[in-house]
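The values are calculated or read from the model by the stated rules, or taken from the named source; none is laboratory data. These figures come from a predicted structure and were not determined experimentally. Cβ sites come from the backbone with ideal geometry, for glycine too, and all protein chains shown count toward neighbours.
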Amino acid sequence: MDLITAFVIAVGLAMDCFAVSLGIGTGGQVRDTRSKLRLAFHFGIFQAGMTLLGWLAGSAVAQFIGGVDHWVALVMLSYVGINMIRSGLKTGEDSYSSDPSRGRFLVMLSVATSLDAMAIGLSMAMLHTPVWFPSLIIGGVSLVLSVVGLLAGAKLGEKFGKRMEIIGGLILIGIGIRILIDHLR
């Protein structure tokens, strides 16, 4: 696979990471650089790792996961989105009880944004395409776009306050619904 093709695929896969990072950035809980990099790093690692896993898994496992991945993504993203909307409607409360760049929220978001990368990895296996180079590109682009989303979300959150938390929550739920609709077609 050439660099341009790998980059285009990576940007397509990283759009979910960007949108989720934008939504999280509006909440203001991921304030310090270390937390932002931790979240972005995990998004990148999960994107690259799920691509590799899809390539390694073969069609039997991928078909089973493909039957439920869209539902898992919808539930995870909706859960986080609803928390953000609730927080946006209340004054003086954070979207998350803890830093979303740690613990179960971090894992949930990382998995939810990277499930489609598994299908890309499976496609590469079926086409007998080497996976290491594209996986690195996918992970790197996801990391960079996640940082951009976090920074842009933070600026929007500062400017528009709690309303951006509501919009961020709606974005996360919308991404989950889009993933569901895409898979059901």
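Might you check whether a residue that is of a type in the set (A, V, I, L, M, F, W, C), closer than 25 Å to PHE7 by Cα and touching a residue at least 40 places away in the same chain (Cβ under 8 Å) occurs anywhere in region 73-96? Explain how you work it out, then say what you get.
Quick first cut of region 73-96, residues of a type in the set (A, V, I, L, M, F, W, C) only: 73-77, 80, 82, 84-85, 89.
Imposing the further condition that a residue be closer than 25 Å to PHE7 by Cα reduces the set to 73.
Next cut, touching a residue at least 40 places away in the same chain (Cβ under 8 Å) only: 73.
Within region 73-96, one or more residues are of a type in the set (A, V, I, L, M, F, W, C), closer than 25 Å to PHE7 by Cα and touching a residue at least 40 places away in the same chain (Cβ under 8 Å).
Kindly establish whether SER146 is hydroxyl-bearing (Ser, Thr, Tyr) and closer than 30 Å to LYS90 by Cβ.
Values: hydroxyl-bearing (Ser, Thr, Tyr): yes; closer than 30 Å to LYS90 by Cβ: yes.
In short, yes.
Test of understanding: among GLY140, GLY149, which residue is assigned to a helix (DSSP H, G or I), under 14 Å from the mean Cα position of the chain (by Cα) and surrounded by 22 or more Cβ atoms within 10 Å (Cβ to Cβ)? Working first, answer last.
On the way: GLY140 fails: surrounded by 22 or more Cβ atoms within 10 Å (Cβ to Cβ).
Step by step, each of GLY140, GLY149 is checked, and only GLY149 is assigned to a helix (DSSP H, G or I), under 14 Å from the mean Cα position of the chain (by Cα) and surrounded by 22 or more Cβ atoms within 10 Å (Cβ to Cβ).
Count, please, the residues in region 32-51 that happen to be under 16 Å from ASP116 (Cβ atoms) and hydrophobic (A, V, I, L, M, F, W, C).
So the count comes out to 5.
Starting from residues that are farther than 11 Å from ASP99 by Cβ and either in contact with a strand residue (DSSP E or B) (Cβ under 9 Å, 6 or more places away or on another chain) or modelled with pLDDT under 85 (or both), keep the ones in region 29-61 and report whichever is surrounded by the fewest Cβ atoms within 10 Å (Cβ to Cβ).
First pass over region 29-61, keeping only residues farther than 11 Å from ASP99 by Cβ: 33, 37, 40-61.
Next, only the ones that are either in contact with a strand residue (DSSP E or B) (Cβ under 9 Å, 6 or more places away or on another chain) or modelled with pLDDT under 85 (or both) stay: 57-61.
Working: ALA57: 18, GLY58: 12, SER59: 11, ALA60: 8, VAL61: 14.
If we take residues in region 29-61 being farther than 11 Å from ASP99 by Cβ and either in contact with a strand residue (DSSP E or B) (Cβ under 9 Å, 6 or more places away or on another chain) or modelled with pLDDT under 85 (or both), then ALA60 is surrounded by the fewest Cβ atoms within 10 Å (Cβ to Cβ).
Residue-wise test of (1) at pLDDT 80 or above; (2) more than 19 Å from LEU106 (Cβ to Cβ); (3) of a type in the set (Asp, Glu).
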| site | (1), (2), (3) |
| --- | --- |
| MET124 | yes, yes, no |
| THR129 | yes, yes, no |
| PRO134 | yes, yes, no |
| GLY139 | yes, no, no |
| VAL148 | yes, no, no |
| GLY153 | yes, no, no |
| GLY161 | no, yes, no |
| MET164 | no, yes, no |
| ASP182 | yes, yes, yes |
